[in-house]
1. Could you give the spread of the C-alpha atoms of segment 107-265 along their three principal axes, from largest to smallest, in whole angstroms?
2. For the chain, just the Cα atoms, rotate onto the principal axes and tell me the three extents in Å, largest first.
3. Using only the alpha-carbon atoms of segment 339-414, report the extent along each of the three principal axes, biggest first, to the nearest angstrom.
4. Tally Lys/Arg at +1 and Asp/Glu at -1 over every other residue whose Cβ is under 15 Å from the Cβ of ALA146; what's the total?
5. Which translational diffusion coefficient, to the nearest whole µm²/s, is obtained for segment 214-304 from the Stokes-Einstein equation, given a Kirkwood hydrodynamic radius over C-alpha pairs, 37 °C and 0.692 mPa s?
6. Can you give the % of DSSP beta bridges in the chain that are antiparallel, to the nearest 5?
7. Determine, from the Cβ-Cβ distance of SER180 and GLN98 and an R0 of 45 Å, the FRET efficiency 1/(1 + (r/R0)^6), rounded to the nearest 0.05.
8. Which of VAL119, ASN142, GLY108 sits farthest toward the positive end of the charge dipole of segment 62-144, with +1 on the Cβ of Lys and Arg and -1 on the Cβ of Asp and Glu?
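Values quoted throughout were computed directly from the atomic coordinates according to the rules given, and no laboratory measurement underlies them. This one's a predicted model, so the numbers in the text were calculated from it and none came from an experiment. Every residue, glycine as well, gets a Cβ built from its backbone with ideal geometry; the counts of neighbours run over all protein chains shown.
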Amino acid sequence: MSDCDCSTQAGPSLKPLEEALELMLSHAKAVEGIEELPLSAALGRVLARGVVSQVTVPPWDNSAMDGYAVNTGDMQGENTRLPISQRIPAGSAPEPLQPGTAARIFTGAPVPENADAVVIQEVCRQEGDAVIIAEPPKAGANIRRAGEDTERGIEVIPAGVRIGPQHLGLAAAVGVGRVSVYRRLKVALFSSGDELVNPGEPLGPGQIYNSNEFTLKGLLEGLGCEVISLGIVEDTFDATCDALTNAAGQADLVMTSGGVSVGEEDHLKPAVEKLGTLNLWKIAIRPGKPLAFGHIAGTPFIGTPGNPVSLFVTYCLFARPFVLKAQGVRDEELTPTPILAKAGFDWPKPDKRREFARARLELDEQGEARVSLYRSRSSGVLSSLVWANGLAVLTEKQTLAQGDLVQFLPFNELLK
């Protein structure tokens, strides 16, 4: 975990973010293997085939409110009095509305034939077997039309969508009980560093706890990956080669933390070059410059930096979209949507690299959204990620003053 991200020089060998991401995504292929699951087991999975509506929704005109179904032709201005000819609860089949009458109706119930409006009960007063309607409605008021949501045979959810609760609800509403999804992506991961110790064990001289494995495992499992944890690998070239070979043989993707810089104890880069190909190394961003991407016997490899914040940022910007595409997610859903908000800080000395600063988006006293930055730029301060609720995008070579607009990437976009 000796990776350093301290240099302020962009350097000619650093790949711009957009080029690096495009290169990585060009190598991301959706996993083979599709399984059919009941809706109850499909949350978080990626659709391999689109969901097609089995029914028209709603299947008939229905009431949007509790009230009275009427024909507007029977209205005689304010305080029209009409006899109540029937009662229509949800789940019943009504009779046609008799001329000159009203039908008591409830939310979701079918609107009877001959009725063209529903009057909300708040403007009505029932007297015995009649209702007095204070305000005459317009035709079509408070009626949800048949097919307003969708028609039978229409694709309502396309392939490549990660299934959320709303998708489950829609699939159920259109009569689909099972869906076809891609199998889970298998990701093998390990940490590099003789200084690392697992939490709960005693620390020796110069040792630290292995936080990166838990961060990375949590991030991957949050995307629904099947994670194969291979633990801590000693800082030797042979051990690194063995670990990479082992990982590549049982996973769709290999991910590591640490060991991708240029120190004498950083063996991942030469090991990948020996076992396969290294397609990318060093990105023009801060933090997270030493990011490695390549292949080991055909299996993609992503090597993240050892500093915990650098790992987190490079995961969000590069590993996350790669994993999503490898899971079968469609291209338009790979990258997060930034928010534009006012800077609550000055940025007089911009870096030569684009910086993704730990930040908080909050409302100020005037109710305006403002972005504040964490007090330290150190990529080793893991607690800063708990303080932050997103990343501020600080464009290379561009100064900012308080009140200027700045892009903000919220964690709720980056971690799903």
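1. Its Cα atoms span 89, 37, 26 Å along the three principal axes.
2. 92, 51, 42
3. Principal-axis extents of segment 339-414 (Cα, largest first): 33, 27, 21 Å.
4. Values: positive: ARG144, ARG145, ARG152; negative: ASP61, GLU113, ASP116, GLU148, ASP149, GLU151.
Every neighbour counted, the sum reads -3.
5. Details: Rh = 13.4 Å.
Once the numbers are plugged in, D ends up at 245 µm²/s.
6. Details: 57 of 83 bridges.
In the chain, DSSP labels about 70 percent of beta bridges as antiparallel.
7. Values: r = 49 Å, r/R0 = 1.09.
Efficiency computed from Cβ-Cβ geometry: 0.35.
8. Value computed over the given set: GLY108.
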